[in-house]
Amino acid sequence: MCGIAGIVGLSSTDQAKETIAEMNGRLRHRGPDADGRFVSDGIALGHLRLSIIDLSEAANQPMRDLSNRFIITFNGEIYNYLEVRAKLAGYEFRTNSDTETILAAYAKFGPDCLSLLNGMFALAIWDTERRELFIARDRLGVKPLYYFERDGVLYFASEIRALLASGAVPRKIDGRALRDYLQFQSVYAPATIVDGVRQLPAGSFARFADGRLEIAKYWSIDADPAPVEERTEAEVQARIRELLHRSVERRLVSDVKLGAFLSGGIDSSAVVALMSEISPSPVSTFSVNFAEKEFDESVHAELIASKFKTDHTSIRLGAADFLDRLPDALAAADSPSGDGLNTYVVSKATREAGLKVALSGVGGDELFAGYPNFLNWLRFRKGPVSRAPRVLRKAAGAVLAQSANSKYQRLGSLLSASSTAISEFYPRTREVLSEHIVDELAGTSDISSTIKGDLERRAEKISGFPLLSQFSIAELVGYTQNVLLKDADQFSMASALEVREPFFDYELVEYVLRVPDTFKYPSYPKKLLVESLAPLLPDSIVHRKKMGFVLPWEQWMRGELRAFCGERIGAIAGRGIVDGARLNRLWSDFLERRSGVLWSHLWHIVVLAEWLEQNDF
């Protein structure tokens, strides 16, 4: 796990050296073990290394292949790199690194090598003969890759801040991205909050030569809707257990000590259970627990730790301790997000305990129908709502949307949908601010949200999948990629901790999406996952009330954080990027407990204001 950066097309080598040094400097937190750069005519590559596999200096980057034709800078891990090496007979490897494996595979197979790789990655390979840059990103978008083009020059990096450090990127907000951010608490790919800075889409690669960037897909989540071959529930469960076991086993490849996050929920418990089956020594587990009983899940985490005899570290905090960490967490954000503080805190504590790698249970809810909205989606498509005339649904929705109750507001938004398509239903389930409030803040627009447009383009392919899988696909290309995974990367790498997510193994994802609803139906949360692993997980874990990672934000924003939030709301209101009077009224309504305004309607705007200030916008 590392940070990467690069520039292609600068005519001045001296300028390239200075610029790549500045970009690398901005990524140092991602890779404290080595700082590498390669600069030649028209190309500059940078690398900050967090040493995980092959700790020798020979595995430092940028790295050349045996022929000296190809040079790579790579962020991530290839879990099956030893399997890939078996397909590269004749190549004389100088290291035991996954980095050199990618180089050798690219030299032999070109872009087709991506189909061989199982891992999380963002990489760039410079071809010295063709003077062409090849960049690629993993299938599910676990690792980020941002880029900016200007005057025939391409800049790329693991973080937006490194691109800003190049001095080439104007500090200007993308107006359409701002609308997405206000509505969904994060900017959705391929855009970013910075005008002109883009994200390479997940499952894509690109070539840059002669000042032109050409992007292509090598994998798509909706490519194969064919039902699984297994015909009985027992067969499906056995296959899922096999795939999960293999996924966890792959993610244990490491030359440094690793551990796992353990909340005591189903997903993290499942990961720890499988790790314990595979690992010959006790698994190191970490949890953050609260002094306040209403937030505390320690009894469940400790139950799992005891059952699987893990080496468990419980980090005990009072809820107010998070306030002390808030400035550092906000400063750690490479891109603004309304979520992620929990990841920052547990990652920092895990790194301070001496670990460089931790497995996480993130993704289980999205893949195995763990949220109530999965059932809501089925009811929406199959229940009486779907049969009601649109004019009646829209009228009822308009009334409910004006309610002071946020639940009724959300229901009103769903009823107002113009159709029962996933592209209409899903975005409304993930709204932080309703579309009509966003219109009031940012101006009415006839441009749909990024996620709605993406799902509309995928409509024909998605329709071939079971209904529960349709919602999973929307979750995986929507909230998961653009909030969960983005936050997992930026807030863990702020402490130089690599996080690995077994539920995002592409072979597991492809299989579970093709499982019929009859096997996946969540008569209780994540039934298919639980029964595939039975009897590993205790009933007390499976059937307990889901708590999540809850903090008293409502109380804080009216109390300890009132001045902090008020100053930043005022700063955004004064920038002219939103309707300042409407925003100030929203803040006032929240403070006075009017109109159903929640803390979540405003916190991400506070975060945005802080991000803009910290990054000199």
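The values are calculated or read from the model by the stated rules, or taken from the named source; none is laboratory data. If you're wondering where the values come from, they're calculated on a predicted model, not measured in any experiment. Here the Cβ positions follow ideal geometry from the backbone for every residue, glycine too, while neighbour counts run over all protein chains shown. Side chains included, ligands, DNA and RNA excluded: accessible areas come from the protein's heavy atoms. Shrake-Rupley method; radii C 1.70, N 1.55, O 1.52, S 1.80 Å.
Couple of notes before you dig in:
- Report summary: the helix-based calculation at 222 nm, which adds -39500 (n - 2.57) for every DSSP H run with n ≥ 4 and divides by the residues of the chain, gives -12500 deg cm²/dmol.
- The 1.4 Å probe gives accessible areas that order Lys348, Lys108, largest first, as Lys108, Lys348.
- In a fully extended conformation the segment linking Arg130 and Gln555 would gain 147.0 nm over its present Cα-Cα distance, using 0.36 nm per residue.
- Counting only protein chain heavy atoms and rolling a 1.4 Å probe, the accessible areas of Glu435, Glu366 rank, largest first, as Glu435, Glu366.
- Apolar share of the accessible surface for the chain: 48 percent from carbon plus sulfur atoms, 1.4 Å probe.
- The residues of region 1-131 present an accessible area of 37 Å² per residue when probed at 1.4 Å with all protein chains retained.
- Cut-off under 5 Å, modelled amide H: who pairs with Asn118 long-range: Tyr79, Asn80
- Local electrostatic count at Val153 - Lys and Arg +1, Asp and Glu -1, tallied over other residues with Cβ under 14 Å: -1
- Distance (nanometres) between label positions extended 7 Å along Cα→Cβ at Arg544 and Asp151: 5.9 nm
- Heavy atoms of Lys307: accessible area, 1.4 Å probe, square angstrom to 10: 90 Å²
- Once the chain from Ile173 to Ala459 is taken as fully extended at 0.36 nm per residue, the excess over their C-alpha distance is 99.9 nm.
- Here Leu392 and Ser595 are evaluated by their C-beta separation; at R0 = 30 Å the FRET efficiency comes out at 0.70.
- Calculated from the structure at hand, log10 I(q)/I(0) by the Debye sum over Cα atoms at q = 0.05, 0.06, 0.11 Å⁻¹ is found among [x] -0.36, -0.50, -1.18; [y] -0.21, -0.31, -1.13; [z] -0.27, -0.39, -1.19 as [y].
- Take Met493: with every protein chain present and a 1.4 Å probe, its accessible area is about 0 Å².
- Förster radius 35 Å - calculated FRET efficiency between His245 and Ile447, Cβ distance, rounded to 0.05: 0.20
- Residues Ile577, Ile266 ordered from highest to lowest accessible area at a 1.4 Å probe: Ile577, Ile266.
- Take region 504-617 with all the other protein chains still there, run a 1.4 Å probe, and you get 43 Å² of accessible area per residue.
- In order through region 419-426: 3J(HN,Hα) via Karplus (6.51 cos²θ - 1.76 cosθ + 1.60), integer Hz, x for Gly, Pro: 7, 9, 5, 4, 5, 8, 6, 4
- Per residue, the average separation of C-alpha pairs within less than 8 Å and at least 6 apart gives region 1-121 a relative contact order of 24 percent.
- Once the chain from Asp33 to Ala563 is taken as fully extended at 0.36 nm per residue, the excess over their C-alpha distance is 186.8 nm.
- For the chain, the antiparallel share of DSSP beta bridges with both residues in that region comes to about 75%.
- Percent of beta bridges antiparallel (DSSP, region 154-295, rounded to nearest 5): 70 percent
- Other residues with beta-carbon under 9 Å from the beta-carbon of Ile447 carry, at +1 per Lys or Arg and -1 per Asp or Glu, a net charge of +1.
- Dipole orientation for the chain: of the candidates Ala136, Thr450, Ala189, Thr450 has the Cα lying most toward the positive pole (charges on Cβ; Lys, Arg +1; Asp, Glu -1).
- Thr343 contributes about 30 Å² of solvent-accessible surface, heavy atoms of the protein only, 1.4 Å probe.
- Normalised contact order of the chain, rounded percent, pairs of Cα under 8 Å and 6 or more residues apart: 15 percent
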